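The values are calculated or read from the model by the stated rules, or taken from the named source; none is laboratory data. Every value quoted in this text rests on a predicted model; they were computed, and no experiment measured them. Because the Cβ atoms are built from the backbone with ideal geometry, glycine has one as well, and the counts that use them run over all protein chains shown.
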Amino acid sequence: MAGVSRYYVSDNNAGVSKGILKNKLGFKNKKDLGAAETALLSDTHTHFFELLKKDKVKFDLSLLFSIHKHFFDPLYDWAGKVRTVNISKDNMFFAPVKYIDHALEDFNKLLKITLPKQSNNKDEVSQKLAIIHNEFNIIHPFREGNGRTIRLFLDLIAVNLGYTPIGWSKKPKSDYITACIDGAKGEHEPMAKIIKKGLKSSR
């Protein structure tokens, strides 16, 4: 799923060797590295849903860092760490490195007041999850894996509220990308629609 960095990076050689992200296991091609990431993501889903069943999940900023750390630690030295390079993607420019810490402080405050409650209906849950998704996406604090990290985070919230994991339909992929771009402009409804469509009651 990754392999070659999908971002434009301020230092084109940052963390990349011969077009492949430098990794602890020595993978040299995109296919093998992508397969490793897919397996690790599956393991990360299992791990955190098991913690959720045991009521050992707290929905705060530290959970996002824990997810990223668990996901990428076998592969990358920067797992669970704030990125040190400026990145952009699909005409989206994410938070400059020097502002990330401050942006994360603001995001943590927003998370505390936006986190959906059991009393919220499906429309309200979708809207709140869209805001959380989009505000995190604007920051993009990690070198790679920001989308996969925030989607698992939101899946855990959804399941905790009595839904199944969100059906993150990205077909056509352009709809999801457009929703991300709209979200960066403070327009959360497109992402809310994607999330609402993917929310199914588990009861």
Item to complete: Scan the stretch 40-90 for residues that are assigned to a helix (DSSP H, G or I), hydrophobic (A, V, I, L, M, F, W, C), more than 18 Å from residue 137 (Cβ to Cβ) and without any contact (Cβ under 8 Å) to a residue 24 or more places away in the chain and jot them down.
Response: 51
Discussion item. From the list 177, 157, 139, exactly one residue is closer than 20 Å to residue 41 by Cα and either under 15 Å from the mean Cα position of the chain (by Cα) or buried (at least 23 other Cβ atoms within 10 Å of the Cβ) (or both). Which is it?
Written reply: 157
Discussion item. Going by what's in this entry, would residue 123 be described as part of a helix (DSSP H, G or I), charged (D, E, K, R), over 10 Å from the mean Cα position of the chain (by Cα) and more than 18 Å from residue 189 (Cβ to Cβ)?
Written reply: no
Worksheet item: Can we say residue 36 is surrounded by 14 or more Cβ atoms within 10 Å (Cβ to Cβ) and over 29 Å from residue 163 (Cα atoms)?
Response: no
Discussion item. Anything in the stretch 117-126 that is buried (at least 21 other Cβ atoms within 10 Å of the Cβ) and not β-branched (Val, Ile, Thr)? List them, or say none.
Written reply: 126
Item to complete: Report whether or not residue 95 is at pLDDT below 90, in a loop (DSSP other than H, G, I, E, B) and closer than 26 Å to residue 183 by Cβ.
Response: no
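Taking the condition of being in a helix (DSSP H, G or I) and within 27 Å of residue 73 (Cα to Cα), how many residues in the stretch 146-175 meet it?
Filtering the stretch 146-175 for residues in a helix (DSSP H, G or I) gives 146-160, 173-175.
Then drop every residue that is not within 27 Å of residue 73 (Cα to Cα), which leaves 146-160.
Of the residues in that region, 15 qualify.
For residue 85, indicate whether it is among the β-branched types (Val, Ile, Thr), surrounded by 15 or more Cβ atoms within 10 Å (Cβ to Cβ) and modelled with pLDDT under 95. Please lay out each step first, then the result.
Working: among the β-branched types (Val, Ile, Thr): yes; surrounded by 15 or more Cβ atoms within 10 Å (Cβ to Cβ): yes; modelled with pLDDT under 95: yes.
In short, yes.
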Worksheet entry | Where a residue in the stretch 134-154 is touching a residue at least 12 places away in the same chain (Cβ under 8 Å) and its partner, wherever it lies, is among the basic types (Lys, Arg) and outside any helix (DSSP H, G or I), with Cβ under 6 Å and at least six apart | 142/83; 143/83
